Amino acid sequence: CASGALLQTKNINIMTFGEFEYTCLDILKGVPIFEVKGVIWRDAKNILHTNPPRPLCTSQELDQMPFVTSIYNSFLKLKSYRQTSFRYPFVDTLSARGCPNRCTYCLWIKAFQNGSSYRMRSVENVISELRFIKNDMPEVKQIHLQDDTIPEKRAQDLSRAIIKENLNI
């Protein structure tokens, strides 16, 4: 738990929890820390505070985020990262977050999502990122689309769009 980590060190004064992109953006914009959703923070008296959680990103918000691969392209040396089961070099990306199912036994649904909350980037947005990878990262030999619970219709829609765009990736 994040508050436990903050209790163990004096070198860290703030941590995020949940989906963090817009939480970090609020911090960078200078929103007063007590107003930022999704943080645990230490005040000047060494007291820890847990702010309310930030709602999960909507599908529309996911589409508005920069492509993770453009961040990789700008700041990472792809050839420094290997995964034995992937062609080298590779990149990871997501087309959705969460899960469309409500399995009662699933740890991930209970621990991270507070129930089923499947949110998808638009097919057009995903295709734009795949096109970016093909055109701007030609050294990439494999794309790992990390959608563990992708529904059949979603997989079909993405596959049809890839074929229609003739991406050959």
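The values are calculated or read from the model by the stated rules, or taken from the named source; none is laboratory data. Predicted model, so just to flag it, every value in this text is computed and none were measured. Note: ideal-geometry Cβ built from the backbone for every residue, glycine included; neighbour counts use all protein chains shown. SASA here: full protein model, heavy atoms, side chains in, ligands and nucleic acids out. Shrake-Rupley method; radii C 1.70, N 1.55, O 1.52, S 1.80 Å.
Restricted to region 116-141, and to residues that are of a type in the set (S, T, N, Q) and open to solvent by less than 50 Å² (accessible area, probe 1.4 Å), which residue is nearest to LEU167 (Cα to Cα)? Going through the qualifying residues, I end up with SER128.
What number of residues in region 24-59 are open to solvent by 60 Å² or more (accessible area, probe 1.4 Å) and of a type in the set (Ser, Thr, Tyr)? The total comes to 2. Within region 60-93, work out how many residues are open to solvent by 60 Å² or more (accessible area, probe 1.4 Å) and either among the aromatic types (Phe, Trp, Tyr) or not in a helix (DSSP H, G or I) (or both). Total meeting the criteria: 11. When ARG82, ARG54, ARG42 are checked against the criterion of being in contact with a Gly (Cβ under 8 Å, 6 or more places away or on another chain) and not acidic (Asp, Glu), a single residue qualifies: ARG54. Checking every residue in region 26-42 against the condition of being touching a residue at least 40 places away in the same chain (Cβ under 8 Å) and part of a helix (DSSP H, G or I) gives zero matches. Considering only residues that are part of a loop (DSSP other than H, G, I, E, B), among the polar types (S, T, N, Q) and either surrounded by 13 or more Cβ atoms within 10 Å (Cβ to Cβ) or modelled with pLDDT of 90 or more (or both), which ones fall in region 4-23? Selection gives ASN13 alone. Within the set PHE86, PHE90, PHE75, PHE67, the sole residue that is aromatic (Phe, Trp, Tyr) and touching a Leu at 6+ places or on another chain (Cβ under 9 Å) turns out to be PHE90.
Consider region 87-105 and keep the residues that are within 20 Å of the chain's Cα centre (by Cα) and modelled with pLDDT under 85. The one that is nearest to GLU129 (Cα to Cα) is GLY98. Out of the residues in region 142-155 that are open to solvent by less than 70 Å² (accessible area, probe 1.4 Å) and farther than 23 Å from LEU78 by Cα, state the one that is modelled with the lowest pLDDT. Selected residue: THR149.
If you check ILE127 against the conditions, is it β-branched (Val, Ile, Thr), farther than 14 Å from VAL91 by Cα and in a helix (DSSP H, G or I)? Considered against the rule, which asks whether it is β-branched (Val, Ile, Thr), farther than 14 Å from VAL91 by Cα and in a helix (DSSP H, G or I), ILE127 comes out as yes. For region 44-51, the criterion of being out of contact with any strand residue (DSSP E or B) (no Cβ under 8 Å at 6 or more places or on another chain), among the charged types (D, E, K, R) and assigned to a loop (DSSP other than H, G, I, E, B) is met by at least one residue. Only one entry of ILE169, ILE162 meets the criterion of being without any contact (Cβ under 8 Å) to a residue 40 or more places away in the chain, of a type in the set (A, V, I, L, M) and open to solvent by 80 Å² or more (accessible area, probe 1.4 Å), and that entry is ILE169. Scanning region 43-87 for residues that are more than 18 Å from LYS141 (Cβ to Cβ), free of Cβ contacts under 8 Å to residues at least 24 places away in the same chain and β-branched (Val, Ile, Thr) yields ILE47, ILE71.
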